[in-house]
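Below: one structure, written as structure tokens.
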Amino acid sequence: MNSGMNSVLIMRHGEAAPGFPDHARPLTPRGEREADTMARWLASRVEQGELALPMLYASPYVRAQQTAQRISDALGAPLNTLSFITPEDPPSDVSEWLLTHRDDAPIMLVSHMPLVGDLAGLLVEGTPSQGVGFPTAAIAELEADVWAAGCAQLKRFTQPSQLS
């Protein structure tokens, strides 16, 4: 990896079934396919040495856990749960965590709208209101020297429809 630059991959969960309570909504069959598509793509990039094996973190909500589990299985990366990346959590809490989180490996967060869009907006544009629109299972890849507001660059944005 280029020295000094850190990478964060921000992923939205795959398509989920409607229902209540929100945290218990599972992936639909389409959502499972979306997650599998992205997992295979990430695994091939890791195999080719294009992407370092990420540290994988997911929201505790069922749909995020199911999405992240497919990534975990494909990459052979352990799955960790972060309590503060649920849909309505403030992106500033996540950026503060990133600031204090020292790791050589890329960090991958599997989370929800509006947080994923607001977090990408905060890190790249400096304001969450510039939020990036995330289709289900899309991944935004950011690079930064420091994870402060407005300090990151969006390097790549990939969604399942581009790969299938």
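The values are calculated or read from the model by the stated rules, or taken from the named source; none is laboratory data. This one's a predicted model, so the numbers in the text were calculated from it and none came from an experiment. Don't worry about glycine lacking a Cβ; one is built from the backbone with ideal geometry, like all the others, and counts go over all protein chains shown.
One table, with the values for the structure above:
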{"item": "Number of the condition not met by Glu143 [criteria: (1) surrounded by fewer than 24 Cβ atoms within 10 Å (Cβ to Cβ); (2) in contact with a strand residue (DSSP E or B) (Cβ under 8 Å, 6 or more places away or on another chain); (3) assigned to a loop (DSSP other than H, G, I, E, B)]", "result": "(3)"}
{"item": "Candidates Ala17, Ala24, filtered to the one that is surrounded by fewer than 18 Cβ atoms within 10 Å (Cβ to Cβ), among the aliphatic types (A, V, I, L, M) and in contact with a Pro (Cβ under 9 Å, 6 or more places away or on another chain)", "result": "Ala17"}
{"item": "Residue count, region 92-118 (criterion: within 18 Å of Ala149 (Cα to Cα) and among the charged types (D, E, K, R))", "result": "4"}
{"item": "Residues (of a type outside the set (D, E, K, R) and in contact (Cβ under 8 Å) with a residue 40 or more places away in the chain) located in region 102-114", "result": "Ala105, Pro106, Ile107, Met108, Leu109, Val110, Ser111, His112, Met113"}
{"item": "Residue within region 48-62 that is under 24 Å from Ala24 (Cα atoms), modelled with pLDDT of 95 or more, among the hydrophobic types (A, V, I, L, M, F, W, C) and in contact with a Phe, Trp or Tyr (Cβ under 6 Å, 6 or more places away or on another chain) present", "result": "no"}
